[in-house]
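These notes are about the structure you will find just below.
The values are calculated or read from the model by the stated rules, or taken from the named source; none is laboratory data. Quick caveat, the model's predicted, so the values are computed rather than measured. All Cβ positions, glycine included, derive from the backbone under ideal geometry; neighbour counts span all protein chains shown.
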Amino acid sequence: MEKAYEAKKFEDAIYSEWINSGYFNPDNLPNRNKEIFSIVLPPPNVTGQLHIGHAAMLAYQDLMVRYHRMKGDQTLWLPGMDQAAIDTQKMVDKKLKAQGIDRHQIGRKKFLREVDKFTQESKIIIKKQLQKMGSSLDWSRERYTMDSGSTKAVQQVFIKMYNDGLIYRGKRVVIWCPHCQSTLADDEVEYIEQKTPFYYFRYGPVIIGTARPETKFSDKVIVVHPQDKRYKNIVGKEFEIEWIQGKIKAKVIADISADMEMGTGAMTITPAHSFVDFELAQKYNLKVEEIINKAGRMTSAAGKLEGAPVKEAREKVVEILKKKGLIKKIDKNYIHNLSVCYRCRTPIEPLLSEQWFVNVNKPIKKGKSLKQLASQIVKNGNIKIIPERFNKTYFQWMDNLRDWCISRQIWFGHRIPVWYKKDKYKIGLKSPSEGWTQDPDTLDTWFSSALWTFSTLGWPEKTKDLKKFHPNTVMETGYDILFFWVARMILMTTYLLDEKPFDTVYLHGLIRDKQGRKMSKSLDNGIDPLEMIKDYGADALRLSMIVGSTPGIDMKLYDEKIAGFRNFVNKLWNISRFILLNIKNPKIIEKRPKPKTLFDKWILNKLDSLIDSTTKDLDNFNFSIAGMALKHFTWHDFADWYLEIAKVEKDKEEILLYCLQNILKLWHPFTPYVTETIWKNFKTDLLLIQKWPEAKYKKDEKTIKNVQIIQKIIFEINKFKNEHKINPKKSIECLIISEKYNDLINKQATVIEKLARVKHTTQEKSLNTELHLPNIKIYLKAETRKSNDKEIANLEKYIESLENKLNNKKFIDNAPTDIVKKEKEKLKETKKLLTKIKK
RNA sequence: GGGCAUGUAGCUCAGUUGGUUAGAGUGCUACGUUGACAUCGUAGAGGUCCUCGGUUCAACUCCGAGCAUGCCCACCA
């Protein structure tokens, strides 16, 4: 073994060994129990690069998967990729544009061939990157949201939902990007804060406020709140009003959607260009008239302004109303959020469009709608969300869910299985007969991802895998896609399979830069996981994202942090190196060896405790806590103490090996590469499939206490040397006297001598320094004498606080007796210590 | 506007049912390099646990109010 662990020398070869073993595939795993652990990889987009967020998700998932595999569970982690329709199409567009090609020139078929070429290449790159992290994914089951299986599932679902009356075609308000010429999903909208003039107009009997006067051409309804006293006497009446294009008739209705506090409390509605207004229009059966078209220009409803771009029309409308004296006030400091397309930053238009929708409100099963089913299954506790607080977020979103627009006006994606002939249309995969043309649109990319937990397992066929691995045990993903993905999976699965998609949702936080900013291309503050792996190794990168992170809470990541964990990985390497250097043919130690000395007992008891706690922590998703405890044990208990003891007390081969082997097993899910590399020294099966350690843990109080005393003695002597700038290597004369611990100290004399670098003597006279510990006196021969002022002050303060507590009758009366006893003991010992020091 | 989080050592963060003289890593300082490890060791300095109230014998921990920061949703009346 080399002096330092160089990750890049080993990682690739180790990964190949794992792959060749076939053990990533649960069908090949030996000695399985009945438990199932299944998890599906949230499919990365086929647009190319893996980012640090992916690395984090892989670290958490691989941790769980490796743990369960070692426990003997039938463990499946299924990989795959997502077509990311819009993103991918845009990237290919860009690539072609660089060659001077426009996709409309070459046509749909040729364009899709280009997309195919691009995604093929991309998949290979991503796969390699996923593997670099050490992900133990079952590649034999690799899937893609556009492969034949997925496609079949998507088509079948569409048809079933249509037949169940859950998918319909309708003219409804959608989010539209006039530049991209497509509908957008909610998450594809960004907001820019902007100052816009906000106009107040005289509109018959009321004043209305708006930032978008150009949409107001055909507003003919005034809405006020039913309890608004100001307008009580005009509700239900009709008024003739002077408006943009002359006189119009407008009636007043009362609805709770009007906010009394907002503006004047009265509003007019524009059903074709607002979700809220559209719903109101349906409720009251109002006419829905389009004012803006898909190109972002005014329609014939705007009369003379037909064809004008939105911005221009706004200015003109204001001018007209000004001339008519209908402007009451203009607020120039109004700030609002402008919605823009996330890709081209064009202001989006909510507008009426003929699209395909999923009806989330229609009662289907036992009178429950899709969204009610999806809500209920979480409410009933059938799906557990970690951290819990996201339940609330989930319900809020689900309860307010509107019909889901699933058609997209792009070429790449699952094509909508609908055929048109004049005004007729038919659902089906093939043209019904001559003269029918297929819908040119494709489905929202989330439609296929929503089926991911079961389409990957072979659904709609009733496969063995589906039966065995569905529902998934865990869904691990970032909280940022709780709505877009997690919620939609729950919705689709409860409807299609009558079950949940997974038992537990573990939502990790997002990775941020050192300043807490989101990582983005424009800021150029991204951390490339591959760079980090190259510099520090995959294990260090994984640890840096597991330890110190809490689910649902963002985490900052930066070089120094990863470097710190690289140091730990190296420490683990050197611990092993030290142990293995002296052992020629290291055997596997199956049984817990019999302890011979105090420290043997201690380390084995601590190890039992660690095995116990790590198992519990991993079962409870406390990854960070598990990692910290492991790290503490490995570095401090085992390396700093026990290995040093082993240099003094000989013949510890068995215990050292036993501890090391267990440490490696416990670490393996966290740091698979270095542990597997070290494990090779044992010349046996891969660590990957070693059995997870089990231990019956009972705290050995006495041993732990005794060791603490010895540690404290050594610590005090070291501290003394340090404070007096005595070379730690220099052995000084020492005498330790303790009635209470006489036996213990005598037995551990050699350990103390070696670790504290002292020489025992019986000649008390020559020893001019005394250190104080409860029930123990340490005499040292040293030139200097330290000042105790600060220590005395501290102790006096502490004693005072303890005395106050114990003099408090309420405390004595109310606190549990063992607490009182403990406090009394503390006081007694501290007092003793103080008098000794004062002397 | 509605909701959710976060606020603990210079920095990054732990702190699991209320009882610790409040912890880790990193950075800093000092001394060192002992049979593995300078990607190391030993020790030190450094904290009104955001503020104010309340519950309690006891609050970093529970409750309320406030301040600060971040995020999500709604909003172009």
For the range A:147-194, give me the residue count where each residue is assigned to a helix (DSSP H, G or I), within 16 Å of RNA strand B (Cβ to nearest atom) and surrounded by 15 or more Cβ atoms within 10 Å (Cβ to Cβ). 1
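To keep it simple, each residue is scored yes or no on (1) within 12 Å of RNA strand B (Cβ to nearest atom); (2) in contact with an Asp or Glu (Cβ under 6 Å, 6 or more places away or on another chain).
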| site | (1), (2) |
| --- | --- |
| A:Cys734 | no, no |
| A:Ala749 | no, no |
| A:Glu770 | no, no |
| A:Pro774 | yes, yes |
| A:Lys797 | yes, no |
| A:Asn804 | yes, no |
| A:Asn814 | yes, no |
| A:Lys832 | yes, no |
Do the conditions hold for A:Leu664, that is, is it crowded, with 18+ Cβ neighbours inside 10 Å and either within 30 Å of A:Ile562 (Cα to Cα) or more than 12 Å from RNA strand B (Cβ to nearest atom) (or both)? yes
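When only residues in the range A:688-747 that are among the acidic types (Asp, Glu) and part of a loop (DSSP other than H, G, I, E, B) count, which is farthest from A:Gly22 (Cα to Cα)?
Just the residues of the range A:688-747 that are among the acidic types (Asp, Glu), to begin with: A:694, A:700-701, A:716, A:723, A:733, A:739, A:743.
Among the residues that remain, those that are also part of a loop (DSSP other than H, G, I, E, B) are: A:694, A:700, A:739.
Numbers: A:Glu694: 25, A:Asp700: 42, A:Glu739: 62 Å.
By that ranking, first place goes to A:Glu739.
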Answer residue from the range A:1-51, given it is part of a loop (DSSP other than H, G, I, E, B), surrounded by fewer than 15 Cβ atoms within 10 Å (Cβ to Cβ) and of a type in the set (S, T, N, Q) and is farthest from RNA strand B (Cβ to nearest atom) among those: A:Asn31
Pick from A:Asn400, A:Asn380, A:Asn472: which is within 22 Å of A:Gln61 (Cα to Cα) and among the polar types (S, T, N, Q)? A:Asn472
Among all residue pairs at least 6 apart or on different chains, which show Cβ distances below 7 Å where the first residue, located in the range A:13-26, is closer than 19 Å to A:Gly537 by Cα and in contact (Cβ under 8 Å) with a residue 12 or more places away in the chain and the second is part of a helix (DSSP H, G or I) and of a type in the set (D, E, K, R)? A:Ile14/A:Glu676
Sort out for me the helices (runs of 4 or more DSSP H) sitting completely within the range A:446-556 that have 1 or more residues that are within 16 Å of RNA strand B (Cβ to nearest atom) and over 30 Å from A:Trp667 (Cβ atoms). A:488-496
Residue list for the range A:247-271, filter: more than 22 Å from A:Leu321 (Cα to Cα), within 8 Å of RNA strand B (Cβ to nearest atom) and in a strand (DSSP E or B): none
Evaluate the range A:643-656: report whether one residue or more is near RNA strand B (Cβ under 10 Å from one of its atoms), under 18 Å from A:Arg566 (Cβ atoms) and part of a helix (DSSP H, G or I). no
Given the condition at pLDDT below 90 and of a type in the set (A, V, I, L, M), answer yes or no: does some residue in the range A:528-544 qualify? no
If you scan the range A:383-427, which residues turn out to be free of Cβ contacts under 8 Å to residues at least 12 places away in the same chain and either under 17 Å from the mean Cα position of the chain (by Cα) or within 10 Å of RNA strand B (Cβ to nearest atom) (or both)? A:Glu388, A:Lys392, A:Gln396, A:Asn400
Quick check on my filter: what residues within the range A:754-809 are farther than 15 Å from A:Thr835 by Cα, touching a Leu at 6+ places or on another chain (Cβ under 9 Å), modelled with pLDDT under 80 and in a loop (DSSP other than H, G, I, E, B)? A:Thr762, A:Gln763, A:Leu767, A:Asn768, A:Ala782
Please state which of the following conditions A:Lys521 fails to meet, knowing it meets all the rest: (1) touching a Phe, Trp or Tyr at 6+ places or on another chain (Cβ under 7 Å); (2) modelled with pLDDT under 85; (3) more than 24 Å from A:Pro551 (Cβ to Cβ). (1)
Sort out for me the strands (runs of 3 or more DSSP E) sitting completely within the range A:339-429 that have 3 or more residues that are modelled with pLDDT of 90 or more. A:349-358, A:418-421, A:424-427
Within the range A:223-231, identify whether any single residue is more than 26 Å from A:Asp331 (Cα to Cα), surrounded by fewer than 22 Cβ atoms within 10 Å (Cβ to Cβ) and not hydroxyl-bearing (Ser, Thr, Tyr), and answer yes or no. yes
Pull up the range A:207-221, narrow it to residues that are part of a strand (DSSP E or B) and either within 11 Å of RNA strand B (Cβ to nearest atom) or basic (Lys, Arg) (or both), then point me to the one that is surrounded by the most Cβ atoms within 10 Å (Cβ to Cβ). A:Ile208
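Determine if the range A:72-95 includes at least one residue that is assigned to a helix (DSSP H, G or I) and modelled with pLDDT of 95 or more.
Checking the range A:72-95: not a single residue is assigned to a helix (DSSP H, G or I) and modelled with pLDDT of 95 or more.
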Out of the residues in the range A:612-642 meeting the condition of being of a type in the set (Asp, Glu) and within 21 Å of the chain's Cα centre (by Cα), tell me which one is nearest to RNA strand B (Cβ to nearest atom). A:Asp617
Out of the residues in the range A:309-329 that are under 49 Å from the mean Cα position of the chain (by Cα) and surrounded by fewer than 14 Cβ atoms within 10 Å (Cβ to Cβ), state the one that is nearest to A:Glu188 (Cα to Cα). A:Lys311
Subset of the range A:722-753 [crowded, with 16+ Cβ neighbours inside 10 Å and at pLDDT below 85]: A:Ile726
A:Ile726 versus (1) touching a Phe, Trp or Tyr at 6+ places or on another chain (Cβ under 6 Å); (2) of a type in the set (Val, Ile, Thr); (3) within 16 Å of RNA strand B (Cβ to nearest atom): which is the lone unmet condition? (1)
